[in-house]
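Working notes, structure below.
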Amino acid sequence: MKIKMGMISVLALSSLIFAGCGQSNDDSKTEEYSSKGEKIFKNNSCVGCHGKDLDGASGPSLKKVGAKMSEADIEKIINEGKGSMPSKVVDEKEAKEVAKWLAEQK
């Protein structure tokens, strides 16, 4: 019983420690966004593959995607996925906002 309670205590403490990982309480670093679409892009998993500055990472660069694709085409890819990009990374309303913002990247 003593060992079991010790394990529970360790697990509970670990949960509390890890719950705070990756969170910043520094409000002085508030980022400004040009649109809802940019905010959605930068606050979701999009940045992990396409980079914060649209330079690309494991996914392609989106720097001038608006010069190559229409807003409707971009929205379709966000909703349906393409290649290794999964579908429905954001909901349809958010996909529309992100597509609108990305279509302006020329």
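Just a few scattered comments:
- Per-residue SASA remark: Ser34, around 90 Å² accessible (1.4 Å probe; ligands, DNA and RNA not included).
- Nearby lysines by direct alpha-carbon distance to Lys36 (threshold 24 angstrom, same-chain neighbours under 8 apart not counted): Lys52, Lys63, Lys64, Lys68, Lys76, Lys82, Lys88, Lys93, Lys96, Lys100, Lys106
- For segment 51-96, the set of trypsin sites (Lys or Arg not before Pro) satisfying both a DSSP loop assignment and a count of at most 13 other C-beta atoms within 10 Å is given as Lys52, Lys64, Lys88.
- Modelled label reach - Ser35, point 7 Å along Cα→Cβ, segment 46-64 residues with backbone N closer than 14 Å: 63-64
- In plain terms, the chain from Lys88 to Asn44 could stretch by 14.7 nm, reckoned as 0.36 nm per residue minus the Cα-Cα distance.
The values are calculated or read from the model by the stated rules, or taken from the named source; none is laboratory data. Source: prediction; values computed, not measured. Note: ideal-geometry Cβ built from the backbone for every residue, glycine included; neighbour counts use all protein chains shown. Only protein heavy atoms, including side chains, enter the accessible area calculation; ligands, DNA and RNA are left aside. Shrake-Rupley method; radii C 1.70, N 1.55, O 1.52, S 1.80 Å.
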